Amino acid sequence: MNLILLGAPGAGKGTQAEVISKKHQLFHVSTGNLFRKALSEGNDIGQKAKSYMEKGELVPDEIVLQIVVENLPENSGYLFDGFPRNDSQAKALDEMLGRKGKKIDVVINIEVDPEFLLKRMMSRGRFDDNIETIKNRFNVYKTETSPLKLYYFDQKKLVNVDGNASIEEVTQSIEDVLETHSD
Ligand code: AMP
């Protein structure tokens, strides 16, 4: 099984991805985590990504796809979190999986009311969680990433989950979705 978690910045994708990937033995692919790791290790890709992350811009597709390709184990199901973030990344992912004889099975969109998103982000204390960057990330989400809902709706893969509830309740909603898709 291969999944994508979609949702605005602060929707809880990372938190849910940790829990769900462990439970279902899926390989967790978080491009944000991969960039932060690359940055802390001081390597080239981290340096390239940094200026975009600081501004809340999308890192160019070429760099994103490179870090994904380099971090995709062969014999595993995947849980993508924070990737894809635009149409061309989604198409590239479909192709990449197609070449491996795999596909995305379900896309879970975690919907959270805007007033909660900001609160959640401000409590994380990440280097790119300042107000200007956050505003830009919301804009980028709206214009570039949220159209992916339609992309996956058209493929009949999109399922919406209410992300306003507690962490445990949201996990349970995701589990319910996965159960109906497991066969
Ligand atoms: P995240 O941890 O998913 O919130 O990502 C943090 C930052 O990393 C984003 O604001 C982007 O600058 C960059 N980033 C992460 N994933 C992607 C992606 N799939 N495409 C472009 N930029 C990304």
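The values are calculated or read from the model by the stated rules, or taken from the named source; none is laboratory data. Owing to the predicted nature of the structure, the values given are computational and were not obtained by experimental measurement. For neighbour counting, all protein chains shown are included, and Cβ atoms are generated from backbone atoms with ideal geometry for every residue, glycine included.
Of note:
- Remark: pairs (first residue in the range 98-110, in contact (Cβ under 8 Å) with a residue 12 or more places away in the chain and at negative phi; second residue buried (at least 21 other Cβ atoms within 10 Å of the Cβ) and in a loop (DSSP other than H, G, I, E, B); Cβ separation under 8 Å; 6+ apart in sequence or on different chains) = I110/A11; I110/G12; I110/G163.
- For the residues L39, L72, the requirement of being under 21 Å from A92 (Cβ atoms) and either more than 12 Å from the ligand (Cβ to nearest atom) or out of contact with any strand residue (DSSP E or B) (no Cβ under 9 Å at 6 or more places or on another chain) (or both) singles out L72.
- Given (1) modelled with pLDDT of 95 or more; (2) over 25 Å from L158 (Cα atoms), index of the condition F80 fails: (2)
- Among the residues making up the range 75-88, those that are part of a loop (DSSP other than H, G, I, E, B) and more than 13 Å from the ligand (Cβ to nearest atom) are N75, S76.
- Residue within the range 93-109 that is within 12 Å of the ligand (Cβ to nearest atom), surrounded by 14 or more Cβ atoms within 10 Å (Cβ to Cβ) and not in a strand (DSSP E or B) present: yes
- Some residue of the range 129-149 being outside any helix (DSSP H, G or I), more than 27 Å from S40 (Cα to Cα) and more than 13 Å from the ligand (Cβ to nearest atom): yes
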